[in-house]
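Written out below as structure tokens is the structure these notes cover.
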Amino acid sequence: MSNSGIIIFALCVFGFIYFIRYITLITKINEDGIKMYFVPFVKKSIKWSELESVKIVNYGFVGYGVRLGSKYGTVYNINGNKGLAIELKNRKKFVIGTQKETELKNRVEKMLVANTK
């Protein structure tokens, strides 16, 4: 391999490693609803009025990234096997992975109570 080939290969490897480290999953829950950012791929915003059901589930290990067609619909996961399973009134389903299940559950319950008044 030529010197330029080695340089290009090294740049591709380091670029891929940087890209993998850049991927993040951010979940925000507030009075408006649930927002999920799977940077740099997906951005979702769900209003409380669109929700049919929401619960914390153990979905088993399905790998990392975006997994289509599981029992819970699309799974967005960075690490672990627990997440917030969301079913919308239009029957779409998906799971947002979490490592902070208790904190997430408490926040969702608090917001659900506040938005049903």
Item checked: Beta bridges by DSSP in the chain, antiparallel share as percent, to the nearest 5 -> 90
Notebook entry, point to check: Is the shape of the range 58-104 rounded, prolate or oblate, going by the alpha carbon gyration tensor and its root eigenvalues a ≥ b ≥ c, with a/c under 1.5 for rounded and a/b larger than b/c for prolate?
Noted result: oblate
Notebook entry, point to check: Taking K28 as the anchor, which aspartates and glutamates have their alpha carbon closer than 13 Å to its alpha carbon, excluding any fewer than eight residues away along the same chain?
Noted result: E103
Margin query: Helix 101-115 against the longest principal axis of the chain: what's the angle in degrees, Cα atoms only, rounded to the nearest 10?
Written below: 40
Note to self: What aspartates and glutamates does K35 reach when the alpha-carbon gap must be under 13 Å and sequence neighbours fewer than 8 apart in one chain are set aside?
What the structure shows: E50
Margin query: Less than 16 Å apart at the alpha-carbon level, and either on another chain or at least 8 residues along: which lysines does that give for K82?
Written below: K55, K71, K93, K100, K105
Next item on the list: Run through all the Cα pairs of the range 13-117 and give the fraction in each 10 Å bin from 0, expressed as whole percent.
Entry: 14, 48, 29, 7, 1, 0
Item checked: Most positive-pole-ward Cα, I26, V42, A10, against dipole of the range 3-115 from beta carbon charges -> V42
Notebook entry, point to check: How do I56, I7, I96, I29 line up, fewest other C-beta atoms within 10 Å first?
Noted result: I7, I56, I29, I96
Next item on the list: State, as an integer percentage, the relative contact order of the chain based on alpha-carbon contacts under 8 Å between residues 6 or more apart.
Entry: 19
Next item on the list: Relative to the longest principal axis of the C-alpha atoms of the chain, give the angle of the C-alpha long axis of helix 3-22, reported between 0 and 90° and rounded to the nearest 10°.
Entry: 10
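Readers should treat all values here as calculations from the given coordinates under stated rules, not as data from a laboratory. None of the values given here were measured: they were computed from a predicted structure. So basically every Cβ, Gly included, is an ideal-geometry build from the backbone, and we count neighbours across all protein chains shown.
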